[in-house]
Amino acid sequence: MSKSKRVGFRIDMTPMVDVMMLLLTFFMLVTQFKPMDVAEVVLPSSHSAFKLPDSDVMTVTVDKEGSVYLGFDSQNMRGMIFGEENKLRAGMQVQLTELGQLLREARIRNPKLRTVIKGDKESEYQVIQTVMETLQKENITRFNLVTDLER
Amino acid sequence: MANVDVSQSKGKQKHGKKKKSKRIGFRIDMTPMVDVMMLLLTFFMFTTTMNKPQTMEINLPPSNTKADVAESNLLTLRITDDFRIFWNIGVEKPVTVDGADKTAKLVALGKLLKERNSANPKLITLIKVDGKAKYIDMVDVMDELNINDITRFSLAPMLDEDKKMIGTL
């Protein structure tokens, strides 16, 4: 009798599978929320290890050609700023002249918004400087630059 | 459950019970499903953690405030579009930071900044980058400041006077 117990020995895996299924669904949902890219951007590298906040992020993307895009992490915000029909797009191209107005509008809707600048490493500094000046004018004095971790 | 299943399949004497015992002990082998799930789980776990971007924080003074800084406490860095770094304190004549390549220049700059800041703890660094320079140049310089724990710095646009001063105009 004791030998037959050994032969048919099984562990009930159901609880493990349950937990794994839970984790799997969790991770699948979380990955969906990660921000989409509006434009192809090669990030500059730095030694800074400061992490990007998870929510309430407003991204100003500057690509290689110097075009400026504005994006938000929540669909809700995008719907409010860019109009309902554009809420599924990660961001919209904006003119430097209208950027200030849009930033102000966005911050009225959600005062907790944090601003990050995502610039291509080959883009001209002039554009970045204008963007930073606009932020400064809108009283956004604390912002982040998105970089890659070096080495 | 497991031992009931085994003991009954062993008992061959009772023919009537054999068919029923198969039903009771009915199990699906979940191993392949668990394997696939484990694979997906690891995949998603890795992709989520890998995609967390790093950022560099900048604090700029609001544009409507004017801070008066003594000339001796102001170190100005001017970076040209071909990545030559000029530095000066107050109204001194700008001097280049020498180095064979970009990395060497940045290392030299870091050393210089550290020296100057320990000599004068009230020193404020003002960075002026040429508009035609690349964004990476500015990030590299800022990174060098961050590495050397220099938190008091500001950014200013490069004006024509600055360009004249360093002789690029």
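Look at where the Cα atoms of region B:106-147 and of region A:107-151 average out, and the two centres are 19 Å apart. Only DSSP H runs of four or more residues enter the estimate; each adds -39500 (n - 2.57), and after division by the residues of the protein assembly as shown the mean residue ellipticity at 222 nm equals -13500 deg cm²/dmol. Shown in residue order for region B:83-97 are the 3J(HN,Hα) couplings computed by the Karplus curve 6.51 cos²θ - 1.76 cosθ + 1.60 at θ = phi - 60°: 6, 9, 9, 10, 9, 7, 10, x, 9, 4, 6, x, 10, 7, 9 Hz (x for Gly and Pro). Amide hydrogen proximity for B:T55: with H placed 1.01 Å from N in the peptide plane, the residues at 5 or more positions away or on another chain lying under 5 Å are A:F50, A:K51, A:L52, A:T147. Label positions at A:T141 and B:R84, each projected 7 Å from the Cα along the C-beta direction, are separated by 3.5 nm.
If the limit is 22 Å between Cα atoms, which of A:K137/B:K128; A:K51/B:K134; B:K105/B:K163 go over it? Can you show the working numbers first?
Values: A:K137/B:K128 18 Å; A:K51/B:K134 24 Å; B:K105/B:K163 20 Å.
With Cα atoms farther than 22 Å apart: A:K51/B:K134.
To test your reading of the geometry: what angle, between 0 and 90 degrees and rounded to tens, separates the Cα axis of helix A:96-109 from the longest principal axis of chain A? Computed tilt is about 50 degrees. Between the beta carbons of B:L40 and A:H47, assuming R0 = 56 Å, the FRET efficiency works out to 0.95 to the nearest 0.05. For the protein assembly as shown, the share of DSSP beta bridges that are antiparallel, to the nearest 5, is 55%. Between A:I11 and A:I108, full extension at 0.36 nm per residue minus the direct alpha carbon distance yields a gain of 29.2 nm. Backbone geometry of region B:113-124 corresponds, through the Karplus equation with coefficients 6.51, -1.76 and 1.60 at θ = phi - 60°, to 3J(HN,Hα) couplings of 5, 4, 4, 5, 6, 6, 6, 9, x, 8, 5, 10 Hz, x marking Gly and Pro. The modelled label-to-label distance for the pair A:D56/B:R116, using points 7 Å beyond Cα in the direction of Cβ, is 3.7 nm. Label sites at B:D29 and A:T97, each approximated as a point 7 angstrom past Cα along Cα to Cβ, lie 7.1 nm apart. Give the angle, between 0 and 90 degrees and rounded to the nearest 10, that separates the Cα long axis of helix A:14-33 from the longest principal axis of the Cα atoms of chain A. Once rounded, the angle reads 10 degrees. Computed from backbone phi with θ = phi - 60° and the Karplus coefficients 6.51, -1.76 and 1.60, the 3J(HN,Hα) list for region A:53-64 is x, 7, 10, 6, 10, 10, 10, 9, 9, 10, 8, 4 Hz; x is used for glycine and proline.
FYI, it's all coordinate maths here, none of it is from the lab. Just so it is clear, the structure is predicted and the values come from calculations on it, not from any experiment. Quick reminder, even Gly has a Cβ in these numbers, built from the backbone with ideal geometry, and neighbours come from all protein chains shown.
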